[in-house]
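The values are calculated or read from the model by the stated rules, or taken from the named source; none is laboratory data. The structure presented is a predicted model; accordingly, all values stated were derived computationally and were not measured. As a convention, Cβ positions derive from the backbone with ideal geometry for all residues, glycine included, and neighbour counts pool all protein chains shown.
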Amino acid sequence: MRVEKYSKISGNRYKVYFESGGVATLYDDVIIKYELLLNPNLSEHVFMELVAYNEALSVYYKAIKYLGVKMRSALEVSKYLSKLGYSEDLINSTVLKLNNEGYLSEDAYAKAYINDQVNLSSNGLYKIRRNLVELGIAEDIIDKHLNCFDVSFWNERMIKIVDKKITFTKNESSKKIKEKLINYLNNLGYEMNEVIKYVTTIEISNNSDLIEKEGNKILFKLKKKYNGYDLRKHFFSKMYQKGFEQDEINSYIDRNF
C-alpha cells in the first residue's frame with residue numbers, strides 16, 4: 001500500500017488517501033509514529049497494526065475530552081466509553097493508561113467530590129459515602145477523607161437544614177412537619193439517631209388559624225354523613241391523620257361541637 005496524499009480535517013486528524021483508492025482518517029500521532037511522511041509504502045501487516053493503534057488513540061482522546069469537562073472516576077470513564085461502543089479490552093487498556101498518567105487518581109477524586117458535596121449540596125455523610133462507592137471509589141479512601149469531618153460538623157449542617165425548612169413550611173401540623181423533616185434528612189444521608197433526637201425536641205407552633213381552617217372543612221363534610229358520637233369519632237380520626245395533636249383536636253371539639 002502506498003500513501004498518495006494527506007488532507008487535514010480537524011484537530012489533530014488527517015484524511016490519508018492511498019494509491020489503491022482507499023481512505024483512512026488517522027491521528028497525526030500515528031503518522032509520526034509510523035513515519036508515513038518519510039516512508040509512504042506500507043505492508044498489509046503494518047497497515048493493520050497502524051489501524052489498531054489509531055483506534056486506541058481514538059478511545060484515549062475521547063476519554064481525555066470527557067475528563068476535560070470535570071474530574072471522573074475510573075468507573076465513570078469505563079461506562080462512558082462502553083456507551084460509545086468500544087471493546088472491553090480497549091477500554092481497560094485506556095483506563096490503565098489514564099491511571100498511570102495520573103488522570104484517574106481515586107484519592108484526588110474522592111477529596112474533590114467530598115469538598116464539592118459539602119460546599120454545593122445539602123447531602124449528609126451516608127449519601128456522600130454511598131455515591132462514592134457507586135462510583136467505584138475504594139471504601140478506605142472514602143473514609144479517609146470523610147473522617148476529616150467530625151460528628152458535630154454533620155449535626156450543625158443538619159440543624160441548619162431543619163431550621164431553613166421550618167421557616168418555609170406552612171399549612172401543615174407540627175407532627176406532619178416533623179415526619180417530613182425526618183424523611184427528608186434520611187434521604188439526604190444524615191445519621192437517623194441524630195436526626196430523630198433533634199427533630200423530636202424542636203418546638204413547632206401550630207397556626208391556630210390552620211387548625212380552625214382544617215377543622216371547619218372536615219366538620220362540614222362529615223356533618224353530611226354523621227352526628228353525635230360517630231361525628232366526633234370520625235372527626236377526631238381525620239384530624240389526627242392530618243397530624244394534629246390530641247389536645248389540639250379535643251380543644252377544637254370542645255369549641256365547635
Across the range 212-238, what is the number of residues that are buried (at least 16 other Cβ atoms within 10 Å of the Cβ) and either assigned by TED's automatic domain parsing to the domain that holds R129 or out of contact with any Phe, Trp or Tyr (no Cβ under 7 Å at 6 or more places or on another chain) (or both)?
-> 5
What number of residues in the range 159-190 are assigned to a loop (DSSP other than H, G, I, E, B), surrounded by 15 or more Cβ atoms within 10 Å (Cβ to Cβ) and at pLDDT below 95?
-> 2
Do we have any residue at all in the range 224-237 that's at pLDDT 80 or above and under 30 Å from V118 (Cβ atoms)?
-> no
From the list Y61, Y113, Y80, Y126, which residue is touching a Lys or Arg at 6+ places or on another chain (Cβ under 8 Å) and not assigned by TED's automatic domain parsing to the domain that holds N193?
-> Y80
Taking the range 24-44, which residues are surrounded by fewer than 10 Cβ atoms within 10 Å (Cβ to Cβ) and not in a helix (DSSP H, G or I)?
-> E35, L38, S43
Residue check: is K79 within 29 Å of L146 (Cα to Cα), within 19 Å of the chain's Cα centre (by Cα) and at pLDDT 95 or above?
-> yes
Select the helices (runs of 4 or more DSSP H) contained entirely in the range 45-154, then report the ones holding at least 1 residues which are more than 19 Å from G189 (Cβ to Cβ).
-> 74-83, 88-100, 106-120, 139-146
